[in-house]
1. Among the residues of the stretch 330-361, which ones are under 18 Å from ASP30 (Cβ atoms) and modelled with pLDDT of 95 or more?
2. Assess whether PHE550 counts as being among the aromatic types (Phe, Trp, Tyr) and open to solvent by 50 Å² or more (accessible area, probe 1.4 Å).
3. List every residue pair whose Cβ atoms lie under 6 Å apart, where the two residues are 6 or more positions apart in sequence or sit on different chains, the first residue falls within the stretch 587-604 and is within 12 Å of VAL530 (Cβ to Cβ) and at pLDDT 85 or above, and the second residue, located anywhere, is small (Gly, Ala, Ser) and part of a loop (DSSP other than H, G, I, E, B).
4. Is the stretch 341-353 home to any residue that is part of a helix (DSSP H, G or I), among the hydrophobic types (A, V, I, L, M, F, W, C) and either in contact (Cβ under 8 Å) with a residue 60 or more places away in the chain or buried (at least 24 other Cβ atoms within 10 Å of the Cβ) (or both)?
5. Can you say whether SER565 is under 29 Å from the mean Cα position of the chain (by Cα), more than 27 Å from GLY260 (Cβ to Cβ) and either surrounded by 22 or more Cβ atoms within 10 Å (Cβ to Cβ) or of a type in the set (Asp, Glu) (or both), as far as the supplied structure shows?
6. Sort through LEU559, LEU573 and tell me the only one that's in contact (Cβ under 8 Å) with a residue 60 or more places away in the chain and closer than 24 Å to PHE253 by Cα.
7. Which one is modelled with the lowest pLDDT, of the residues in the stretch 605-629 that are open to solvent by less than 10 Å² (accessible area, probe 1.4 Å) and in a loop (DSSP other than H, G, I, E, B)?
8. Quick check: is even one residue across the stretch 84-101 surrounded by fewer than 21 Cβ atoms within 10 Å (Cβ to Cβ), under 35 Å from the mean Cα position of the chain (by Cα) and not basic (Lys, Arg)?
Amino acid sequence: QTYMQLSKQITMDPNIIPDNLQHPERFWVDYVIEATSKDHASQIAREICLEQTVELPGTTQAVRSVEAYTVGTLERIEFLGSNHNKHNHHHPPHSLYRVCIAYPNDTAGDELPQFLNVLFGNTSLKRGVAVEDVTLSRHLMQNSTMFPGPKFGIAGIRKLLGVPQAPLLATALKPMGRSSEDFASMAYQLAKGGIDIIKDDHGLSNQKWAPFEQRVALCCDAVQRANRETGFNCLYAPCLNAPSDQIISRAYFSKDCGAGAVMLLPGISGFDAVRQLAADHCFNLPILIHPAMLGGWLQSSSQRRRGSCNSQEGGETEDEEDHPRGLSHKFLFGLLPRLCGGDIVIFCNSGGRFSFTREECQSVAEGCHRPLGRFEPIFPSPAGGMKLDRVKEMRKTFGDDTVFLIGGNLLEQGPDLEADARFFLHAARRDRQYCLPRELSHTMSSTINEEELTNSKYVTQRSSDAFESDAGIPSVAFVERVASNIRRRVLKYTLSNNGGYLSQACSSAETLATLYLRALKLGPSIAPPVPGPFQGSPGPGIRSVTGESFNGDPADLTLDRLIFSPVHYAVVLYSLLVEIGRLDEKAFDDYNVDGSTVELIGAEHSPGHAVTAGSLAQALSQAAGIGYARKLKNATGRVAVYMSDGEFQEGQTWEAVQAMVNLKINLVAVVDVNGQQ
């Protein structure tokens with residue numbers, strides 16, 4: 001049996017700490033080593049324990065004084081089988097063993113670079129040792145800051161795109177040498193055709209033909225224009241292969257331009273660059289991982305030397321293909337990017353231009369998907385010379401929670417890229433492009449027909465001109481049904497929680513439901529489904545909290561913003577947010593309770609609210625200020641303010657209108673004319 005066949009026999013469950021592991025404050029690494037006997041394997045394992053920590057002989061007095069809390073310990077050893085090389089008659093036969101070594105958490109210092117150093121640092125330079133898998137301690141699984149994990153994962157990216165099931169489709173802008181305008185034209189056509197994710201080719205950086213800032217600005221604009229025309233939400237991901245001191249600035253430039261994701265090359269820039277961006281709470285975009293330069297890190301069985309190499313001792317030759325060395329595919333392309341914060345991992349599929357096997361690729365998908373505590377599953381993305389006629393096979397191999405990345409073969413189909421993209425969708429059986437987000441169908445009242453939900457093709461983010469568009473969005477009948485459910489909820493909550501405004505629900509349910517479901521371009525909620533308690537007025541040690549985060553990221557200039565003025569309507573807005581899956585129904589457990597942010601009369605920290613608007617008629621002035629700031633920033637997203645007719649009896653409303661006319665502020669005002677005041 002070869003090394004790769006043998007190494008698949010045993011895999012540890014990362015969620016279960018084995019009973020025979022005696023050190024709960026340690027993390028565990030499975031190595032596959034080559035040895036002549038079990039005693040020899042134990043000797044090698046002991047050498048690894050010392051090499052990866054203190055880097056001194058175990059007999060040294062200095063080591064003995066710190067060994068108990070620094071040096072790795074051999075926890076178990078398992079025989080895998082013979083690894084005899086029939087081509088080499090100059091060395092005795094070897095066998096393969098899996099050894100598990102436990103390292104104290106503190107040796108990593110809660111920093112990713114040092115964790116990787118302890119994992120494999122100097123030992124990576126030795127032949128006959130490979131890292132097979134890693135099992136984190138409970139502390140690292142639950143509390144460690146060196147592993148931020150994915151912000152979006154499979155569920156979050158599906159929510160961004162509004163594609164609750166079926167594979168996602170991606171392609172790349174290439175080749176190097178074309179202009180920024182050419183790439184923008186390509187991006188526009190591919191987005192129009194329905195591609196989910198359009199990334200820069202990994203070779204695009206800051207070359208003179210298409211400088212980074214120019215290319216990203218034009219491509220972002222092109223994809224946003226296509227999204228406005230189609231109602232889809234294609235994500236454009238610029239490549240951040242840059243000098244280390246420029247990666248973060250380029251990431252934020254991309255975000256400010258309206259990019260939907262970014263792509264990093266950790267084989268060049270390092271995995272800590274992924275961690276740094278994923279841990280940045282202000283960044284909040286999905287991260288794609290590209291495999292460039294990672295081939296040299298892999299187990300030698302797939303990145304093997306074909307043929308023989310000359311030995312420097314006597315000129316003899318030796319076939320090395322089955323000596324364990326490097327990191328397993330599952331760890332390097334599955335587990336490690338996921339821990340660091342990647343959301344999509346690109347790797348070389350079998351049968352393409354590279355020498356990965358089908359089993360190695362399936363192990364990558366297993367590392368992306370397996371249960372891992374707080375770390376969300378992420379998308380594997382098989383690529384590397386894939387062709388459209390293999391889509392059916394890839395779907396059978398990897399399942400629906402996969403991103404199919406086809407670049408060159410898609411561009412070879414012909415000059416009509418929009419038609420080529422549609423053919424890609426058809427090949428993947430994605431003829432129905434957008435569906436109702438899963439969380440919406442789960443929270444709707446049973447009075448709504450499930451088929452009607454599915455056919456509504458609800459899109460999470462609508463285009464900026466959707467006030468006038470009716471394509472691909474819920475029907476009026478559907479919105480009316482949602483409005484009826486809002487009224488039922490308002491009645492229920494008002495009767496059971498000692499307060500509420502019933503008449504406002506009767507007059508505003510349809511208009512608010514229309515704004516959220518048919519008119520506004522709102523991003524996915526970035527707020528916790530159940531909001532926390534009121535922390536106090538913002539000040540030293542107390543950060544500002546905005547309820548507007550239930551409508552998406554307020555800092556995203558491509559999204560519309562809704563400023564809710566009649567804050568005594570709060571229960572109507574809460575009910576709507578529950579009805580469409582942005583707020584958990586459990587939030588109403590604290591409705592109208594002292595210390596809760598789910599207040600009877602909403603404030604800036606209440607779900608769905610952007611500002612504190614009482615006394616009545618203040619919100620239009622605040623909305624005008626927000627609109628003016630967005631005008632200065634050339635924002636594409638619009639500002640809408642929801643008002644009641646009684647506000648027009650206030651002088652401040654008319655002063656705001658005069659200021660808007662004078663400053664030429666573009667703002668949409670939606671007024672609930674219920675005639676009650």
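The values are calculated or read from the model by the stated rules, or taken from the named source; none is laboratory data. What you see is a predicted model; the values in this text were computed from it and never measured. For neighbour counting, all protein chains shown are included, and Cβ atoms are generated from backbone atoms with ideal geometry for every residue, glycine included. Keep in mind that these areas ignore ligands, DNA and RNA; they rest on the heavy atoms of the full protein, side chains included. Shrake-Rupley method; radii C 1.70, N 1.55, O 1.52, S 1.80 Å.
1. Kept after step one, since they are under 18 Å from ASP30 (Cβ atoms), are these residues of the stretch 330-361: 330-336, 338-339, 359-360.
Passing the criteria: LYS330, PHE331, LEU332, PHE333, GLY334, LEU335, LEU336, ARG338, LEU339.
2. Numbers: among the aromatic types (Phe, Trp, Tyr): yes; open to solvent by 50 Å² or more (accessible area, probe 1.4 Å): no.
So PHE550 does not fit the description; no.
3. THR597/SER606
4. To start, the set of residues in the stretch 341-353 that are part of a helix (DSSP H, G or I) comprises none.
Within the stretch 341-353 (the criterion being part of a helix (DSSP H, G or I), among the hydrophobic types (A, V, I, L, M, F, W, C) and either in contact (Cβ under 8 Å) with a residue 60 or more places away in the chain or buried (at least 24 other Cβ atoms within 10 Å of the Cβ) (or both)), the answer is no, since none of the residues qualifies.
5. Numbers: under 29 Å from the mean Cα position of the chain (by Cα): no; more than 27 Å from GLY260 (Cβ to Cβ): yes; either surrounded by 22 or more Cβ atoms within 10 Å (Cβ to Cβ) or of a type in the set (Asp, Glu) (or both): yes.
So SER565 fails the test.
6. Working: LEU573 fails: closer than 24 Å to PHE253 by Cα.
Sole residue among the options that is in contact (Cβ under 8 Å) with a residue 60 or more places away in the chain and closer than 24 Å to PHE253 by Cα: LEU559.
7. It comes out as ALA617.
8. The answer is no; no qualifying residue exists.
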